[in-house]
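**Q** Here it is: the structure, laid out below.
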Amino acid sequence: MTGAYRPPRDNLWFARTRHCAFFVLRELTSVFVAWTIVFLLMFVDAVRTGSLQEFGALAGRPWMIAINVLALAATVLHTITFLNLAPKATVVRLDGWRVPAWMIQGGNHSAWVVLSVLIAYFILRSP
Amino acid sequence: MIDVLIVGGGGAGLRAAIAVAEAVKAGGPPLAVAVVSKVYPMRSHTVSAEGGAAGVIGIGDTLDEHCYDTISGGDWLCDQDAVEAFVAEAPKELIQLEHWGCPWSRESDGRVAVRPFGGMKKMRTWYAADKTGFHLLHTLFQTSLKYQDVIRYDEWYVTKLVVDDGRVHGVVAVEIRTGRIETIAARTVILATGGCGRVFPFTTNAAIKTGDGMALAYRAGAPLKDMEFVQYHPTGLPFTGILITEAARAEGGWLINKDGYRYLQDYDLGKPTPTPKLRSMELGPRDRLSQAFVHEQQLGRTVDTPYGPVVYLDLRHLGEDKIDARIPFVRELCRSYQNLDPATDLIPVRPVVHYMMGGVHTDIDGATPIAGLFAAGETACVSINGANRLGSNSLPECLVFGRRAGIAAAEFARSHRDGEAAAVRTQGDDERRRLERGREGSSTGERIADLREEMQHTLEGAAGIYRTGDVLTKAVDTLAELRERAEEVRIDDTSTAFNTELINLQELHTMLEVAQTIVACALNRQESRGAHQRTDYPARDDDAYLAHSLVHRAPDGTPSVGLLPVTITRWPPGERVYGRD
Amino acid sequence: MRRTLEPYLWLLFSGGGVVAALLLPVLVLLFGVLMPLGVVDWPTAEHLRALADNVLVRLALLAVVVLCLFHAAHRIRFTSEELLGIARFDLVIAVICYGGAVVGAITAGLILF
Amino acid sequence: MTETKETATRTIRMEVARYRPGEDDEPVFQGYDVPLMPDWAVLDGLNHIKDQLDGSLSYRWSCRMGVCGSCGMTVNGEPRLTCGTFLTEYGEGPIRIEPLKGFPVIRDLVVDIDGFLAKLSSTRPWLVREGEELPLTTEYAQTPEQLDAYKQYSMCINCLLCYSACPVYVLDPDFLGPAAIALAQRYNLDSRDMGDRFDVLNQEDAVWGCTFVGECTRVCPKHVDPAEAIQRYKLTAALRSVLPWSRR
Ligand SMILES: Cc1cc2nc3c(=O)[nH]c(=O)nc-3n(C[C@H](O)[C@H](O)[C@H](O)COP(=O)(O)OP(=O)(O)OC[C@H]3O[C@@H](n4cnc5c(N)ncnc54)[C@H](O)[C@@H]3O)c2cc1C
Ligand code: SF4
Ligand code: F3S
Ligand code: FES
């Protein structure tokens, strides 16, 4: 017998199904996570070196705002997907009863909202 | 040189393989054990068994009661010594399987749960939801992986037993993937090739159930036994023949006709009760339930569909929760294949060919009259099923007699260590040439599928739920003619790699061979017993036919039928009583 | 048994994923979008300084930065390998990705302390 | 199967991938028109081709009730059990039938799955006990709750749709893959099991190869949820790595 056929690597695998495309999108949010960290570090540096003015000007540039709007969308997507998938790794059983995924997801999302509000409060409250 | 070569990787074959592997582990000279299977073992048809496996464990149940239910269910055609051995070993086998990890359904205190089943007087059917065979087979297969010495020939198709001087010497097989034809020499061979439901047009059986093992043994000179006893299961889905397990009735399902009437009460099967009553009504034996359907049809009380007349299985009153907990697969199957939900809809069902009571004649250790040749599982006939098998007896049968055959074969291989016979090579060469001719192709002749269909309809017409002498006689001629036509079929596929047409052709030949024995035995038995109902001989005739049919292949290739006495130990023949206390 | 670093990297990745999920959107929203757009006012420099001078806040920030960077590094490593079919260079890619995260972490340390 | 009494007035086109080793360098599509019967599964269409149009077509099937796991193929780009996928789902057609992706093609629609079997064996998919066995008169007790803890993972029919859907596996055939890991977890989570599969599972090509694409779970016809099984073991393995005294 001559050998079996081994299909070549499909370079466009991620474009073949909606689901795979979405997966890649989900993974690519990590680039914006990294960017957000860089941006925040620039901000903290500005705070500590007293150059907030310049930072404010930079952050106000239209392209900067555009990037950050994207970053916002990406981090929100990251949050939603990550918190929704968390129950997969952490199956909670109480007395044999398996806590359904939606409860864990609900808890995660509630925690997200509460934390966000708290942080906004600490940053924005006037001293 | 293989010591124990097992043909078939279903419940019986794998149980035999593990038995041999364990015998080796326990000491003594090593034995080479191999499993040859035409599909990967976990694809074997044991996988589709749904309802459960019987074994006495409950308090208040006794081995004798299981024996009696089995023997009366089989209309006294069971060999009672075999039944006693079977019933005694079944619980051990089921516990053994538990020790190997089978996910049996459980009681809340952690014990294995049992459910009622048709024809059984006590609750003794172990189950793994309604995927018992699936879990059983995968447990066996995965456990077998532990024994790395078991050689596996996956997707090899056995076409011939090499027999010389009354003793088996191996098999000839095709490696389907490459088309290589090889003679595998072996000291013993165990046939565990399953049933032959595919000789009928409408069956619960998978495509692979073509009676290969029966034909292999029969051609090699071993007799087949009780081939006329073909079990119709009362509840198959009309188009596909997919089985709705008896467990659906055991959990409380009702059979109703087109008027919504629980018609079984008209057929001496007891009075309807809201909750299931053992050995009564819907929990009567399969032969009686399938026969009742035919009468309903004759009375015009069935419903016509494009796929034939049906009655209904009503599970609605069980409620969604019970259905999901006990018979989830039934719901899944109805939804995917019948587009209905048993929680709210009636399920259309009709009798469907399900199981072969007959098979290769063996003794209580699976030994056939050919030295070194054993058989177990549905392909064998140890005679525990008699004229009608009780549901949930056949999975434990595969285990009990699979193990017994494995041990007996190992014993035989150890005590007969002589080498292969000279005939092996010539027989192997002849067979190779024959198979190679089947790959030469031919643009003339009829299609394999057309002949297969003609055979199936002949069998349905002649050897269905009710039979009669004239039609059977005609079927004998039709089948003989079909065999001739099958020698000149059209062949499209000439390649060696994964040539399934070549396999289909071999299967057509084996099915025709088996079909002839079914018809011959049915013609010979001039009485009605269990699953064999002759309208021209409606009564049971213990004087003439309290005996097994034994069919040999005559030199001219036709079946020649004789009788063999039934072994009776403690239960003399009596009346079969259901639904009357 | 072959030892593998993967479990540790995965823990960092997961921890970073949670932290990023819970904290980053609100921070980008405020500092990256709403404040530059003038929808809300920038807090005063003193308020921010007071926050940033708190050692606990700085430690927390450092932790957030390190975890998020590892999270990103881990995902970028695998995604680039899958998208570009360069898994055979995993070692090099891993060194670049996690190396980047380490450099980022050191930079953060320098900025914060 | 019973003869169909209704006659199909319409047909549907099936484009079937053909590959004959030695003859073809790569698969080619061959078109067939089959009757569009309301109850026919894609598998019934293939059987019609094999029985009536072209006996040389090769594919695997057996139970035609979704439990033997042998009839998995790629149908219009998606891995499906062809016995449980109906012709009518595809409207006007055509329907493209290809072998499962990610496996070497032996012939037509038949793929080589020996690699999977080797992987499965490597995870020790059997109940491991230590010490004295109970005699064959007593079962190991297991409550329905304990059964529930692993039951879902025991439902795998080895159809390999999940492998075919998983980009990680398709790109890297050494990846242990969803079903094998789910079955390892089936035993890990069985209250009767005393085995330890950390050495096999805690590997770069095992659980750590999975990037949680989740396609395996989406396509699994038996709702095994292998993605969950894998992520759970990642957590187990990670905790075990940092807390060396914690087992399982
Ligand atoms: C739908 C359904 C439901 C059922 N439910 C129940 C139930 O609830 N309880 C119960 O007790 N029984 C039940 N049964 C019956 C029971 O499942 C079977 O009798 C039993 O599984 C047969 O097992 P086996 O090992 O003999 O054969 P199989 O499991 O059919 O295995 C046959 C093996 O032989 C191999 N083989 C065949 N021919 C060849 C060849 N020529 N060359 C190489 N290999 C070959 C095949 O590859 C396969 O591995 C059911 C049967 C069906 C069809
Ligand atoms: S996990 Fe699901 S998809 Fe994968 S092999 Fe098992 S049953 Fe098939
Ligand atoms: S699709 Fe593949 S990457 Fe993981 S979650 Fe499933 S195995
Ligand atoms: S034929 Fe068995 S799963 Fe489809």
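**Q** Along the stretch D:83-97, what does the Karplus equation 6.51 cos²θ - 1.76 cosθ + 1.60 (θ = phi - 60°) give for ³J(HN,Hα), rounded to whole Hz, x for Gly and Pro?
**A** 7, x, 10, 9, 4, 5, 5, 10, x, 7, x, x, 10, 9, 10
**Q** By per-residue mean of other Cβ atoms within 10 Å, what is the highest-first order of D:215-224, A:22-31?
**A** Working: D:215-224: 21.3, A:22-31: 19.2.
Output ranking for D:215-224, A:22-31: D:215-224, A:22-31.
**Q** What's the FRET efficiency of B:ASP149 with C:THR4 using the Cβ-Cβ distance as r and R₀ = 30 Å, to the nearest 0.05? Please report the intermediate quantities before stating the final value.
**A** On the way: r = 32 Å, r/R0 = 1.05.
The calculated FRET efficiency here is 0.40.
**Q** Only counting other Cβ atoms within 10 Å, I'd like B:TYR147, D:TYR59 sorted with the fewest neighbours first.
**A** With the sparsest Cβ surroundings first, the list reads B:TYR147, D:TYR59.
**Q** Let me ask another. What's the ranking of B:33-45, B:486-498, A:70-82 by average number of surrounding C-beta atoms within 10 Å, highest first? List each step's numbers first, then the result.
**A** On the way: B:33-45: 26.2, B:486-498: 18.7, A:70-82: 20.6.
Per-residue mean Cβ counts within 10 Å order the peptides as B:33-45, A:70-82, B:486-498.
**Q** When you count, for each residue, the other Cβ atoms within 10 Å and take the mean per peptide, how do B:200-213, A:110-123 rank with the highest first? Kindly include the intermediate steps, with their values, before the conclusion.
**A** Working: B:200-213: 26.2, A:110-123: 13.7.
The most tightly packed comes first, giving B:200-213, A:110-123.
**Q** If you put +1 on each Lys and Arg Cβ and -1 on each Asp and Glu Cβ, how big is the dipole of the protein assembly as shown around its Cα centre, in Debye rounded to 20?
**A** On the way: 108 positive and 127 negative charges, 547 e Å.
Computed about the Cα centre, the dipole is about 2620 debye.
**Q** List the residues of the stretch B:107-150 whose backbone N lies under 19 Å from a point placed 7 Å from the Cα of B:HIS317 along the Cα-to-Cβ direction.
**A** B:116-118
**Q** Under the rule of at least 5 residues apart or a separate chain, name every residue whose amide H is placed under 5 Å from the amide H of D:PHE29.
**A** Answer set, sorted by chain and number: D:ARG18.
**Q** Now for a separate question. Obtain the nm distance between the two label points defined at B:THR468 and A:ASP95 by a simple spin-label model: each point lies 7 Å from its Cα along the Cα-to-C-beta direction.
**A** Once both label points are built, they end up 6.7 nm from each other.
**Q** Output wanted: per-residue J couplings in Hz (rounded whole) for the stretch A:73-79, from phi through Karplus 6.51 cos²θ - 1.76 cosθ + 1.60, θ = phi - 60°, x for Gly and Pro.
**A** 4, 5, 5, 5, 4, 4, 4
**Q** For the pair B:GLN265 and B:ALA480, how long in nm is the line joining their label points, each one 7 Å along Cα→Cβ?
**A** 5.1 nm
**Q** Treat the count of other C-beta atoms within 10 Å as a stand-in for reagent exposure and order D:CYS156, A:CYS20 from fewest to most. The partial results should precede the final answer.
**A** On the way: D:CYS156 26, A:CYS20 18.
By the 10 Å Cβ count, ascending: A:CYS20, D:CYS156.
**Q** Calculate, for D:PHE29 and D:ASP174, the FRET efficiency according to 1/(1 + (r/R0)^6) with r their C-beta to C-beta distance and R0 25 Å; round to the nearest 0.05.
**A** Numbers: r = 30 Å, r/R0 = 1.20.
The pair D:PHE29/D:ASP174 has a calculated efficiency of 0.25.
**Q** Next question, about the same structure. For D:ALA141 paired with C:ALA60, estimate the spin-label separation in nm (one decimal), with each label point 7 Å from Cα along the Cα-to-Cβ line.
**A** In this crude spin-label approximation the distance works out to 4.9 nm.
**Q** Give me the percent of DSSP beta bridges within the protein assembly as shown that run antiparallel, rounded to the nearest 5.
**A** Numbers: 69 of 95 bridges.
Antiparallel bridges: around 75 percent, rounded to the nearest 5.
**Q** Report, as an integer, the average count of C-beta atoms from other chains found within 10 Å of each Cβ along C:72-84. Write out the running numbers ahead of the final one.
**A** Working: counts 10, 3, 2, 10, 6, 2, 8, 9, 1, 4, 13, 8, 1.
Taking the mean over all residues of the peptide, I get 6.
**Q** Mind checking B:92-101 for the average number of partner chain beta-carbons within 10 Å of each residue's beta-carbon?
**A** Numbers: counts 3, 1, 2, 7, 3, 1, 8, 10, 4, 13.
That works out to 5 on average.
**Q** In peptide A:72-85, what is the residue-averaged number of other protein chain Cβ atoms found within 10 Å of each Cβ? It would help to have the intermediate numbers written out before the result.
**A** Details: counts 9, 2, 3, 11, 6, 1, 8, 9, 2, 4, 8, 4, 0, 6.
Whole-number average of other-chain Cβ neighbours for A:72-85 is 5.
**Q** Return the subset of B:LYS322/D:LYS151; B:LYS121/B:LYS225; A:LYS88/B:LYS146; B:LYS225/D:LYS50; B:LYS121/B:LYS271 for which the Cα-Cα distance in this structure is over 24 Å, preserving the input order.
**A** Working: B:LYS322/D:LYS151 18 Å; B:LYS121/B:LYS225 28 Å; A:LYS88/B:LYS146 30 Å; B:LYS225/D:LYS50 34 Å; B:LYS121/B:LYS271 16 Å.
Where the Cα-Cα span goes over 24 Å, the pairs concerned are B:LYS121/B:LYS225; A:LYS88/B:LYS146; B:LYS225/D:LYS50.
**Q** Also, quick follow-up: With unit charges on the beta carbons (Lys and Arg positive, Asp and Glu negative) and the dipole taken about the Cα centre of the protein assembly as shown, which residue among B:GLY438, D:LEU134, C:LEU22 sits farthest to the positive side?
**A** C:LEU22
**Q** Taking 0.36 nm per residue of sequence separation and subtracting the Cα-Cα distance, how much length would be gained by fully extending the chain between B:LEU63 and B:ASP450, in nm to one decimal? Display every interim value, and only then the final one.
**A** Working: separation 387, 0.36 × 387 = 139.32 nm, distance 4.80 nm.
Once the chain is fully extended between B:LEU63 and B:ASP450, it gains 134.5 nm.
**Q** Taking the Cα centre of each part, how many Å lie between the stretch B:355-432 and the stretch D:157-234?
**A** For the stretch B:355-432 versus the stretch D:157-234, the Cα centre distance is 38 Å.
**Q** Size of the dipole of chain D about the Cα centre, Lys and Arg at +1 and Asp and Glu at -1 on the beta carbon, nothing else charged, in debye to 20? It would help to have the intermediate numbers written out before the result.
**A** Working: 26 positive and 36 negative charges, 98 e Å.
Roughly 480 debye, rounded to the nearest 20.
**Q** Here's another thing I want to ask about it. Can you give the FRET efficiency for A:LEU70 and A:LEU115, using 1/(1 + (r/R0)^6), R0 = 25 Å, r = Cβ-Cβ distance, to the nearest 0.05?
**A** Numbers: r = 22 Å, r/R0 = 0.90.
Given R0 = 25 Å and the Cβ-Cβ separation, E is 0.65.
We did not get these values from a lab; they are worked out from the coordinates using the rules stated. Just so we're clear, the structure is a prediction, and the values are computed from it rather than from any experiment. Here the Cβ is made from the backbone with ideal geometry for all residues, glycine too, and neighbour counts use every protein chain on show.
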